[in-house]
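Structure first, then comments.
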Protein chains: 4
Amino acid sequence: MALKATIVVGNPKPKSRTLKVAETLIEKLLAPGSYELEIIDLADHAAEIFAWPSEKMAALNNRVAESDLAVFASPTYKASYTGLLKAFLDRYPMNGLTGVTAIPVHTGGDLTHAMGPTVNLAPLLVELGAVVPGRGFYFVADQMDRLDEAVAQAAAEYTANLTRLAQVATATASLSTPVA
Amino acid sequence: MALKATIVVGNPKPKSRTLKVAETLIEKLLAPGSYELEIIDLADHAAEIFAWPSEKMAALNNRVAESDLAVFASPTYKASYTGLLKAFLDRYPMNGLTGVTAIPVHTGGDLTHAMGPTVNLAPLLVELGAVVPGRGFYFVADQMDRLDEAVAQAAAEYTANLTRLAQVATATASLSTPVA
Amino acid sequence: MALKATIVVGNPKPKSRTLKVAETLIEKLLAPGSYELEIIDLADHAAEIFAWPSEKMAALNNRVAESDLAVFASPTYKASYTGLLKAFLDRYPMNGLTGVTAIPVHTGGDLTHAMGPTVNLAPLLVELGAVVPGRGFYFVADQMDRLDEAVAQAAAEYTANLTRLAQVATATASLSTPVA
Amino acid sequence: MALKATIVVGNPKPKSRTLKVAETLIEKLLAPGSYELEIIDLADHAAEIFAWPSEKMAALNNRVAESDLAVFASPTYKASYTGLLKAFLDRYPMNGLTGVTAIPVHTGGDLTHAMGPTVNLAPLLVELGAVVPGRGFYFVADQMDRLDEAVAQAAAEYTANLTRLAQVATATASLSTPVA
């Protein structure tokens, strides 16, 4: 069965470089044909992001929550994720992203805010019940010619981390095996 | 092959309740007989923690780094992990905990600093290359009669998270399979 | 000349208890008659918060930036400030709150996220150039009968902090005195 | 009366560039002759930092707590302050730095961890009751030829911030004036 992958982009401007970074990360991380990808560009939904209730927004929230893997990508605004991304995540109830493997991605002008995805976005996703398989990924937005190389390195790290986690999972999962 | 599990306790006082919390977490998380456990109570090593070089400290650091699963447990000092724990972690080179699945644990007097393991200790472990499979675990230290219940709930959450991560790992790992 | 004080409330619901907490803080902190107060309830502006450009939003941003003292108050959403408040702050250019003394306030259901205003909202305000004169203020929202007492204590602490800062200011300000 | 200024350096190696950065900051921030300066290089006290009780350490802690202005300077270890500095701060009781104006300083190899003093060290000092008059100061350690320029800019910002805070202090202090 295909893995369900989702990209959520928190840039108020649509079709941003931040989206491109997230797409490249998914391409490097997952084997072609092994997954279905949905892209949610929040710039397309800003007008409805504070509407409550909203069937349309609820449907978007649900599709992300049902993902196996989700990349949450935001430009750096004030050293952190955007209000647009936070407003989308605020719509979830407690533990709304339980079961989702989530990768936090920030883009920025230079390295000054490189800690952002690890210290700001990762704890937010974890608070919602998601699991973050390693460091957040930060990319200096005007180095798009180095994108493939940087993303390949990050993807290799996530893959190695996930493989190790799978080994630990085997030991813990045995707990739930009923004793005959 | 047995899983290698390690507990690192950052309490300057030995044999603390913080150690007891970490031990209980390992017991609930891993199946009996499936793992080897080593306990490093940093209170026993405070006199040498700033010695450089130190064969003894290097050996301790190495054993943690070779663990499959490590619980890093600290009482809450000034809303964060102790200086003793940080001093031990400072001895690692960059990415010194790569490949380790790490669970951050804080104990404290009440809920005021409950965010500590998630916003302070987890990012520190991630910076060292470890992967944290979910929220940090915070336990109010004078509720030891509720320890089993609270730990069982946390362990169930980590187990569920690890199981999901293993599923994602399958999809990413396939990337490295050579196409015949 | 009267001090210019502003309250910015990031609750998507208008006239919230969070607003009441902020108002009480201003009342306890400043002497009656010594200040002019403006209240910006962002719930009233959610529809325009992502509009760009927007004369109305720019006017709001400017009035906060020209304040001597501003209270930024948010309910706790996902252990942090709301996306609505972040979206408002995202509209500022770099250093857009320079010269503003800012007090971060979070309300929440219990103490679990009490660190929020200090570790999440305060660094955000500081990133914008504001100065935060002490800890963030966290208030458990269903203890409104204890509001006066809790706010009085916080206000006394801010006042003491500001008085001390004024003493240090005297020493540093002398640097800019031309030598005759 | 002279301002009491203190520098606390958390580098396990004595006489570090981190100390030099802190000294330069004090020189740019305070007028010559307006202050007394004490320097506490924690490298000289590492052997006793976990001793409890310790008259010598208590005396050091007290002198910092009695300072009007204190610079806490640390090299970046694992994206944060050192365990040595944290161990020193851990010795304080709750609110042990009340009344101290504190400036957090980190040095590091490049900009990757530039957020450290603002998101890690500043909240720690605030937790102890200190007030941080603005952003943390981060300095790339191998740019010592640019030290004067960078420090002068930071000092000017702190001075401007303190001057503004003094104005707000005047309004709040009036609260305690008895009505005739």
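Taken together, the values in this text are just the output of simple stated rules run on the coordinates, not laboratory data. Predicted, not measured: the structure shown is a model, and the values here were computed from it. Here Cβ is always computed from backbone atoms with ideal geometry, including for glycine, and neighbour counts include all displayed protein chains.
Provide, for q = 0.09, 0.11, 0.13, 0.15 Å⁻¹, the log10 of I(q)/I(0) from a solvent-free Debye sum over equal Cα point scatterers in region A:1-143. With no solvent term, the Cα-only Debye profile gives -0.23, -0.35, -0.50, -0.68.
Projecting the Cα atoms of D:8, D:172, D:25 onto the charge dipole of region D:3-176, computed from C-beta unit charges around the Cα centre, puts D:172 farthest toward the positive end. Using the Karplus relation 6.51 cos²θ - 1.76 cosθ + 1.60 with θ = phi - 60°, the per-residue 3J(HN,Hα) values for region C:37-50 come to 10, 10, 10, 10, 9, 4, 4, 6, 10, 4, 5, 10, 5, 9 Hz, with x marking Gly and Pro. Scanning residues 5 or more positions from residue B:77 or on other chains, those with amide H under 5 Å from its amide H are B:82, with H placed 1.01 Å from N in the peptide plane. When the C-alpha to C-alpha distance is required to be over 26 Å, the pairs from B:13/D:56; B:20/B:86; A:28/C:86; C:28/D:28; B:15/B:86; B:78/D:4 that qualify are A:28/C:86; C:28/D:28. Simple point charges give the picture: +1 on the Cβ of Lys and Arg, -1 on the Cβ of Asp and Glu, and for the protein assembly as shown a dipole about the Cα centre of about 0 debye. Sequence-ordered 3J(HN,Hα) estimates for region B:142-152 from the Karplus curve with 6.51, -1.76 and 1.60 and θ = phi - 60° stand at 9, 10, 4, 6, 9, 4, 4, 5, 5, 5, 4 Hz, glycine and proline given as x. Kirkwood analysis of the protein assembly as shown, using all unique Cα-Cα pairs, places the hydrodynamic radius at 26.2 Å. Remark on residue A:137: its backbone amide H falls under 5 Å from those of A:105, A:106, a criterion applied only to residues 5 or more positions apart or on other chains, H modelled at 1.01 Å from N. Between region B:106-133 and region B:48-97, how many Å separate their Cα centres? Using only Cα atoms, the two centres lie 14 Å from each other. The amide H of residue A:39, built 1.01 Å from its N in the peptide plane, has A:7 as neighbours under 5 Å, considering only residues 5 or more places off or on other chains.
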